[in-house]
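In what follows, a structure is listed as structure tokens, so that the remarks can point back to it.
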Amino acid sequence: MKRIWRWLDDRTGLITTIGRIARHLVPPRTGWRYVLGSATLVAFLIQVGTGIALATVYVPSTQNAYDSIDFISHGATLGHLLRGMHYFGASAMMILIGLHLLRVFLTASYKYPREANWLTGVGLLGLVVVMAFTGQLLRWDQNAVWSAVVAAEQAGQVPWIGAALAHFILGGDRLGGATLTRFFAFHVFFIPALIFLFIGVHVYLVLRNGISEPPEVLPMIDPQSYRARYADLLAARGRPFWPDVAWRDAVAAFIVVCAVVALAHWAGPPDVGKPPNPSLINASPRPDWYFLWYFAVLAKLPKHVEQPWFIVLAPLVAAIVLIALPFVFPAGERRLTRRPWAVIVAAGLLFVVGYFWWLGERAPWSPVFNAPALAVQGAQRADTLQVTGARLFHDKGCEYCHAIAGQGGHHGPDLTGVAARLDSAQIASRILGGASDMPAYVGKFTPEELAALIVYLRREHATTGKPAP
Amino acid sequence: MPATDTCAECGEGGEHPERISRRRALSRVSMALGAVSAALVAWPVVGFLFAPLARRVQGTWRTVGRVSAFPPGATVQVSFTDPTPLPWAGQTAATASWLRHEANGDFIAFSVNCTHLGCPVRWEQGAQLFMCPCHGGVYYADGSPASGPPLRALTRYPVRVVGGQVQIWTGPLPIG
């Protein structure tokens, strides 16, 4: 065995070279916060392995993809586990690349001389986002079909080149047989190839420029003297990456793999939705969790904001800010205690995205199509006007957007006790004339129906215990 | 080539100018050959990828039912097949439209795609409104926007009646 080992190293030199690279010196006190990059790589490798396995059974045709996913999930040996691992591996990758970016930002590791490390990382972030989106579409169920349409419509709003972009995404000027194969080819060949390339350059740059020392060790970056000081630091206090530091990466990798396998086993992959038939229009398309916040942003975008420009400018500005960051702040202080604005920006962004995530999860703007009919309680059941009013509140769709006594939608105000705010005439005028974000119901009620509805809305007030004005 | 090759007109590094210009020419030729080769492979690849931009689907009339099947005043969903489905499209080739038979006998065919971001709107008979499940867009029965994010009316497809049959013109997905 040893002889084979020696022969291999003599003829290839690989073992010596890899050993030398693995034992490269790293600065002291890196700690657990430095494992996030390698953990992201582990998640990517999980994706490559499970993805290749899934591709041996998945059929990328609009006719068969849905059935093949169903077979993978319910018929194929280990298919359920593999799909689950691919799903949770994707989630892990999104979370870990986000945390890695946050760590690098907070420790200001993007500064001189690691600007190119940061840029390749930003490229990888973009590629991972594209992977997440195209992957969700390969499920090719009802949700995926409408997500493809929404993607094309969004692209279609880009000024001037919108239609061309949309047709590029769909593989034609409609959704159809050419759409899925496009997403498949990008998801399994093109983007992964770019990711491999970018990871290669990213890791090469980490080795070339050295891993950034914790800010406490060399708090100030001065491009004139930095490289010499870094070399002195390594000479004086550097430790070999393998195994002094790498054991933490191994522990993190183990945790990532265990978490992905455990979640895949117990929680399982996301359910495959209804079939990919665009004529089944009782759909409620929702993106996977990683895009839910953006879904909410598009719902809450004020009407006076030109959506086409927002759709182009928001990602463009985000990309420019990320790319420009190391060039605008290439040197100077790295300690977080001396960079209050970095903390404020990071915390602010996390808060805003978290808020929209929470909103997207609730989606209060969506009509509640399946709101149950409202019941009139007790003695009031004898009041036919109230019973009629309650029925109309449901049948005319009021309940889709307005709640009463905890039932119904949340697009419009809760109408429990509305009589405390509005008298009968005001209620009638609001119903018939509509409001800035409510349709006008003029012509949709007979006078008798309107009267019954108002009686019901005002009766509803009685249950809150306050006297009607 | 001997490294000791020196001469009067030799420049920096002791290289003969002739050899320098020869090297420069060789590297230029090699790079040019590489670029041309790459371009030769790239153009069909890129052209193939972008071909859908140039391809225009021919629209076509699709029969969706007899006039008598659509009561005046009603808005109903009709389903039909794409203009030119690929052989492997399967059920993804199906598409739908909201067909409204006006009291005066006219037909209006609305695209099911919300003009905000393309989600499928639903006709709510009781409310006489189209509602979008994604971001809460609402349209009146004539397709004009009523509330929520949409700014534009629902797209209409051409409709005609031929021999007592209602036909809808099906073409590209309404974009932008």
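The values are calculated or read from the model by the stated rules, or taken from the named source; none is laboratory data. These figures come from a predicted structure and were not determined experimentally. FYI the Cβ positions are ideal-geometry reconstructions off the backbone, even for glycines, and counts take in every protein chain you see. Just so you know, the surface numbers come from the protein's heavy atoms only, side chains and all, with ligands and any DNA or RNA stripped out. Shrake-Rupley method; radii C 1.70, N 1.55, O 1.52, S 1.80 Å.
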*Restrict the check to the stretch B:79-91 and report whether at least one residue is buried (at least 24 other Cβ atoms within 10 Å of the Cβ), at pLDDT below 95, within 7 Å of chain A (Cβ to nearest Cβ) and not in a loop (DSSP other than H, G, I, E, B).*
no
*asked:* Suppose we keep only residues that are open to solvent by 90 Å² or more (accessible area, probe 1.4 Å) and assigned to a helix (DSSP H, G or I) within the stretch A:299-315. Which one would you say is nearest to the other protein chains (Cβ to nearest Cβ)?
replied: A:LYS300
*Go through A:GLY126, A:GLY121 for me and flag whichever is within 27 Å of A:GLY348 (Cβ to Cβ) and surrounded by 22 or more Cβ atoms within 10 Å (Cβ to Cβ).*
A:GLY121
*For the stretch A:256-279, enumerate the residues that are in a loop (DSSP other than H, G, I, E, B) and either at the interface with chain B (Cβ under 8 Å from one of its Cβ atoms) or open to solvent by less than 40 Å² (accessible area, probe 1.4 Å) (or both).*
A:GLY268, A:PRO269, A:PRO270, A:VAL272, A:GLY273, A:PRO275, A:PRO276, A:ASN277, A:PRO278, A:SER279
*Counting just the residues of the stretch B:130-146 that are surrounded by 24 or more Cβ atoms within 10 Å (Cβ to Cβ) and of a type in the set (A, V, I, L, M, F, W, C), which one comes out nearest to B:ALA103 (Cα to Cα)?*
B:PHE130
_Residue in the stretch A:404-433 that is surrounded by the fewest Cβ atoms within 10 Å (Cβ to Cβ), counting only those that are within 23 Å of B:SER144 (Cα to Cα) and out of contact with any strand residue (DSSP E or B) (no Cβ under 7 Å at 6 or more places or on another chain)_ = A:GLY433
*asked:* Can you go through A:LEU180, A:LEU175, A:LEU170 and tell me which one is facing another protein chain (nearest Cβ under 8 Å), more than 19 Å from the chain's Cα centre (by Cα) and modelled with pLDDT of 95 or more?
replied: A:LEU180
_When you check A:PHE241 against the structure, is it surrounded by fewer than 14 Cβ atoms within 10 Å (Cβ to Cβ) and either closer than 19 Å to A:ALA22 by Cα or under 37 Å from the mean Cα position of the chain (by Cα) (or both), yes or no?_
no
*Filter the stretch B:32-75 for residues that are of a type in the set (A, V, I, L, M, F, W, C) and part of a strand (DSSP E or B); which is least open to solvent (accessible area, probe 1.4 Å)?*
B:VAL64
_If I ask for residues that are more than 7 Å from every other protein chain (Cβ to nearest Cβ) and either crowded, with 18+ Cβ neighbours inside 10 Å or not in a loop (DSSP other than H, G, I, E, B) (or both), which ones from the stretch B:92-109 would you list?_
B:SER97, B:TRP98, B:LEU99, B:ARG100, B:HIS101, B:PHE107, B:ILE108, B:ALA109
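Results for (1) within 18 Å of A:THR50 (Cα to Cα); (2) under 19 Å from the mean Cα position of the chain (by Cα), shown as yes or no for each residue.
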| position | (1), (2) |
| --- | --- |
| A:PHE105 | no, no |
| A:ALA108 | no, no |
| A:ARG114 | no, no |
| A:GLY121 | no, yes |
| A:VAL129 | no, yes |
| A:PHE133 | yes, yes |
| A:ARG139 | yes, yes |
| A:TRP146 | no, yes |
*Specify the residue that is surrounded by the fewest Cβ atoms within 10 Å (Cβ to Cβ); the eligible residues are those in the stretch A:184-203 that are of a type outside the set (A, V, I, L, M) and closer than 14 Å to B:LEU49 by Cβ.*
A:PHE189
*Can you confirm whether the stretch A:25-32 contains a residue that is away from every other protein chain (no Cβ under 14 Å) and either part of a helix (DSSP H, G or I) or more than 30 Å from A:VAL203 (Cα to Cα) (or both)?*
yes
_Being out of contact with any Ser or Thr (no Cβ under 8 Å at 6 or more places or on another chain), part of a helix (DSSP H, G or I) and over 30 Å from A:ASP244 (Cα atoms) is true for just one of A:LEU54, A:LEU36. Which residue is that?_
A:LEU54
*May I ask you to list the residues in the stretch B:147-166 that are polar (S, T, N, Q) and either more than 16 Å from A:GLY412 (Cα to Cα) or open to solvent by 10 Å² or more (accessible area, probe 1.4 Å) (or both)?*
B:THR155, B:GLN165
*A:SER436 surrounded by 13 or more Cβ atoms within 10 Å (Cβ to Cβ), under 34 Å from the mean Cα position of the chain (by Cα), within 13 Å of chain B (Cβ to nearest Cβ) and modelled with pLDDT under 95*: no
*What helices (runs of 4 or more DSSP H) completely inside the stretch A:172-241 contain at least 2 residues that are touching a strand residue (DSSP E or B) at 6+ places or on another chain (Cβ under 9 Å) and of a type in the set (A, V, I, L, M)?*
A:226-237
*Of all residues in the stretch B:110-125 being open to solvent by less than 10 Å² (accessible area, probe 1.4 Å) and outside any loop (DSSP other than H, G, I, E, B), the one that is nearest to A:PHE310 (Cα to Cα)*: B:PRO120
*Only one of these is under 17 Å from A:ASP288 (Cα atoms) and either at the interface with another protein chain (Cβ under 9 Å from one of its Cβ atoms) or among the aliphatic types (A, V, I, L, M) (or both): A:VAL145, A:VAL122. Name it.*
A:VAL145
*So, of the residues in the stretch A:346-374 that are among the small types (Gly, Ala, Ser) and in contact with a His (Cβ under 8 Å, 6 or more places away or on another chain), which turns out to be surrounded by the most Cβ atoms within 10 Å (Cβ to Cβ)?*
A:SER366
*Quick check: anything in the stretch A:78-100 at pLDDT 95 or above, over 27 Å from A:ALA152 (Cα atoms) and among the β-branched types (Val, Ile, Thr)?*
no
*Conditions (1) out of contact with any Asp or Glu (no Cβ under 7 Å at 6 or more places or on another chain); (2) without any contact (Cβ under 8 Å) to a residue 60 or more places away in the chain; (3) under 21 Å from B:PRO172 (Cα atoms): number failed by B:ALA93*: (1)
_Selection count, the stretch A:189-205, where residues are touching a helix residue (DSSP H, G or I) at 6+ places or on another chain (Cβ under 6 Å) and closer than 18 Å to A:PHE44 by Cα_ = 6
*Scope the stretch A:5-24; condition outside any helix (DSSP H, G or I) and either touching a helix residue (DSSP H, G or I) at 6+ places or on another chain (Cβ under 8 Å) or crowded, with 20+ Cβ neighbours inside 10 Å (or both); matching residues*: A:ARG23, A:HIS24
*If you take the residues in the stretch A:43-80 that are hydrophobic (A, V, I, L, M, F, W, C) and open to solvent by less than 30 Å² (accessible area, probe 1.4 Å), which one is farthest from the chain's Cα centre (by Cα)?*
A:ALA76
